[in-house]
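Presented below is the structure to which this report refers.
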Amino acid sequence: MFGEAAGWVTPGTGCPYPYMRRVFRLPPLKSATITVTGLGNFILSLNGQRVGEDLFLPLYTDYEPCTRMTDLPFSPVHVDKIEKEELGHRILCVQEDVTAYLHAGENCLGIRLAPMWYVNYSNLVKCCFRLSYIGLDGSSGEIVSDRDMKTAPSHIVSGDLWHGENVDFRLFAEGWDCPGFDDSEWTPVLPAEAPETSFFLQTSPSDRVMRRIIPRLVKHGNGYDVYDAGENITGTPVLVGVLPEGASATVTMTEEIDEAGDLQRVLRHGANIRPQCNTYIGDGKSHFFRTEFTWQGFRYFECPSCLRPLEVEVIHANVHPRAGFSCGEPVLNWLFDAFSRSMLTNLHGGIPSDCPHYERRGYTGDGQVTAEAAMILFDAEAFYRKWIDDISDCQDRKTGHVQYTAPYNDAGGGPGGWGCAIVEVPYVFYRQYGDREPMDRLFPQMLRYFDFLEAHSEAELVTSDVEGNWCLGEWAIPEQYRAALIQLPAPFVNTYFYIRSMERVREIAGILGRDDEVAFLEKRIQTKKEAIVAAYFDASTGDFAGDKHCANVFALSIGLGDTRTKENLLRHVREAGRYDCGIFGIELLTGYLLSGGEEDLAFSLLTSHHRLSFRNMMENGATTLWEHFDGTRSHNHPMFGALVRHFFHRILGLDQPAGEGGYRSLLLHPVFPSALSHAEGYIDTPRGKIAAHWERSGKEIYYSVTLPTGVSAAISIAGEEKTLAGGRTHSLLF
């Protein structure tokens, strides 16, 4: 990747945010290409110009074997557990054509480094690069990272990924990355050990500034002003102004303000979590004040009145919408928009995170449940291809255990709803994009995951995870938080996911032509189902686990229970008048009701007036989804929005036949909730744009669907099966 001459170099310990520079001479150029990476993140410049628009390079991966673990927010386990596991490791490198940045004669390459996620692995930031060029005269050569580089501390003196940066502009070195700069007082870089890992070129989209917002002044006084970006976003305020030399200022970002217009600095459940803020020390000169090596998740920010906000940069992965939805119900329209915004603001560094501020982890539970909805809404094929590699890396090769986060980071979760990401995400990737390769490549790892679940089962139920780790089943049940998990038994939920994953793998095997490899699953699926019935089914009532938090829907969705089971579930939901299940159950229940002739009941849950509802979030001004329906903790967690996929599959009817992927054909099953007047939407699929629209006219419903050329659709109307040809719009009457 870098060649034998390129070496890893570091400024040494005690300098986490260094400047590093290399001066070199070039002939008149025909072309020049650089291959570079820096750990944790780097910013590359040539002759004073930043190279490219991408931020936070390289993307976050499980860089190398982890031998340390810093005191990160919400870390329930410890590094000694992960040292016993054999994970995959890789580092991504960036390759750029840099011909336009260079010239004949003396040039300067500058690199700035920051720890970011790499703080878990080492207290040494470091980099490696190879710049290859071809001259107009046919000559060629290379400039590489070596001891000829020099380094000095930068104007960012400290900081971290979660909270922000501390900047001293008195240390700012004007022109440090240009030829002619006096670096006589700088020190030579030190050699650093190459990571024990694999290296790959980065192909997944990085973060960029995707939008810009002009903030609105909310409150002025006491030397500080409060501004509103108008929506919960990720990014950074950009301010301009002059701080007197030695004077300090703080810019603080939060999700909410109080009634007085002041920042709400503590999460609503009362946790003592440091606010997101940047501090600055002035040098008497004008500067732009913004975060450089991380992002913040916020809507409001407070800054000194002497600094003038120019804009708010909205930063997330460089992905774009590929789907749209609207209907006659404001709550559903809000839910679609809020999930879209929540998802985008949690796509950073190549991972789908749980929240963009205080955790920022790629939880496999949150990630697998939202994956299909995210893939429908965004052109995220390359993004999720990379995250599938992260999931692959985070499986223990010895036991089959799948970590709770990908890349691995100290966190909590469970063996079912989290570990099943190794099956679920490659599967929905195929369904959305039509690419079998990730399923095929991870197929042996899926089976290895089943080995782990078997090894952690008692009486055929999944009862434990790695010793000392959490063993959750469901998560974020409304209002009850952790205590409610006792009422919905974790072995019940984890065994459900085991069964569902085996059924998925059975389907995957058929797609890949590997049926012989999974013939044993039929018996195992039946055995696990019998175990759930034996342990949790009440023959006198027809309920599973007392139908606590809609437990019956887990059983019904894998073919268990009887007519009473469904009747009890429907009665439970009607009496509750709201969702009372967690992040997995809420998506499962919505799909079950919409697919099973209970679209009016599903619609009533989606639009509930209960204080624990999506409507309540909307009416309280939320622009992203809350972590909990009661408003505690984070106000930007996308997990409950996973059900948005059913807006397309059920309300619009844009589904695919079993076993197919990439929208080669459609199986149309639209549903028409009686309280909904109309709905419309589209998906830009690999085969072209598919769109659907329906509206009521008296007792009749007019439904139209537009199909790309070569994409046919099957639909059933009044018991009659019809096939619709591609390349046209079809209008139908229900």
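Quick notes on this one:
- Residues being open to solvent by less than 10 Å² (accessible area, probe 1.4 Å) and either at pLDDT below 95 or in a strand (DSSP E or B) (or both) - total across the stretch 662-680: 3
- Going through (1) touching a Phe, Trp or Tyr at 6+ places or on another chain (Cβ under 7 Å); (2) modelled with pLDDT of 95 or more; (3) open to solvent by less than 20 Å² (accessible area, probe 1.4 Å) one by one, G175 falls short only on (3).
- When residues of the stretch 539-595 are limited to those that are more than 29 Å from the chain's Cα centre (by Cα), open to solvent by less than 10 Å² (accessible area, probe 1.4 Å) and among the β-branched types (V, I, T), the one farthest from F497 (Cα to Cα): V573
- Top-ranked residue of the stretch 585-638 - restricted to ones that are among the hydrophobic types (A, V, I, L, M, F, W, C), in a helix (DSSP H, G or I) and without any contact (Cβ under 8 Å) to a residue 40 or more places away in the chain, ranked as nearest to W418 (Cα to Cα): L588
- Within the stretch 529-538, the set of residues being open to solvent by 20 Å² or more (accessible area, probe 1.4 Å) and among the small types (G, A, S) comprises A534, A535.
- Within the stretch 682-718, the set of residues being at positive phi and open to solvent by less than 70 Å² (accessible area, probe 1.4 Å) comprises G688, G710.
- Checked against the criterion of being under 25 Å from G597 (Cβ atoms), β-branched (V, I, T), without any contact (Cβ under 8 Å) to a residue 60 or more places away in the chain and in a loop (DSSP other than H, G, I, E, B), the candidates T541, T565 yield just one match: T541.
- For the stretch 715-734, a residue qualifies if it is closer than 18 Å to R664 by Cβ, among the aliphatic types (A, V, I, L, M) and not in a strand (DSSP E or B), and exactly one does: A725.
- Residue list for the stretch 88-139, filter: within 19 Å of P191 (Cβ to Cβ), more than 29 Å from the chain's Cα centre (by Cα) and not hydrophobic (A, V, I, L, M, F, W, C): R130
Results for (1) surrounded by 24 or more Cβ atoms within 10 Å (Cβ to Cβ); (2) β-branched (V, I, T); (3) free of Cβ contacts under 8 Å to residues at least 60 places away in the same chain, shown as yes or no for each residue.
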| position | (1), (2), (3) |
| --- | --- |
| D393 | no, no, no |
| Y404 | yes, no, no |
| G412 | no, no, no |
| G417 | yes, no, no |
| V423 | yes, yes, no |
| D440 | no, no, no |
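- Set R341, R385: member being more than 28 Å from M253 (Cβ to Cβ) and either assigned to a strand (DSSP E or B) or open to solvent by 10 Å² or more (accessible area, probe 1.4 Å) (or both): R385
- For the stretch 303-338, a residue qualifies if it is part of a strand (DSSP E or B), open to solvent by less than 30 Å² (accessible area, probe 1.4 Å) and either of a type in the set (G, A, S) or in contact with a Gly (Cβ under 7 Å, 6 or more places away or on another chain) (or both), and the qualifying residues are P304, L307, V312, E313, V314, I315, A317, A323, G324, F325.
- Residue in the stretch 51-71 that is open to solvent by 50 Å² or more (accessible area, probe 1.4 Å), among the hydrophobic types (A, V, I, L, M, F, W, C) and modelled with pLDDT of 95 or more present: no
- Filter result for Q526 (in contact (Cβ under 8 Å) with a residue 12 or more places away in the chain, open to solvent by 40 Å² or more (accessible area, probe 1.4 Å) and among the polar types (S, T, N, Q)): no
- Filter result (open to solvent by less than 10 Å² (accessible area, probe 1.4 Å), under 14 Å from L335 (Cβ atoms) and acidic (D, E)) within the stretch 613-645: none
- Number of positions in the stretch 30-48 that are surrounded by fewer than 18 Cβ atoms within 10 Å (Cβ to Cβ) and either without any contact (Cβ under 8 Å) to a residue 24 or more places away in the chain or touching a helix residue (DSSP H, G or I) at 6+ places or on another chain (Cβ under 7 Å) (or both): 2
- Residue within the stretch 261-278 that is more than 30 Å from S206 (Cα to Cα) and modelled with pLDDT of 95 or more present: no
- A count restricted to the stretch 173-199 and to residues that are closer than 25 Å to Y60 by Cα, hydroxyl-bearing (S, T, Y) and part of a strand (DSSP E or B) stands at 1.
- The stretch 151-172: number of residues that are at pLDDT 95 or above, assigned to a loop (DSSP other than H, G, I, E, B) and open to solvent by less than 20 Å² (accessible area, probe 1.4 Å): 2
- Elements of type strands (runs of 3 or more DSSP E) in the stretch 219-295, at least 1 residues being farther than 24 Å from S634 by Cα, open to solvent by 30 Å² or more (accessible area, probe 1.4 Å) and free of Cβ contacts under 8 Å to residues at least 60 places away in the same chain: 248-254, 286-289
The values are calculated or read from the model by the stated rules, or taken from the named source; none is laboratory data. Quantities reported herein were computed from a predicted structural model and do not represent experimental measurements. Neighbour counts run over all protein chains shown; Cβ positions are idealised from the backbone, glycine included. Remember, those area values only see protein heavy atoms, side chains included, never the ligands or the DNA or RNA. Shrake-Rupley method; radii C 1.70, N 1.55, O 1.52, S 1.80 Å.
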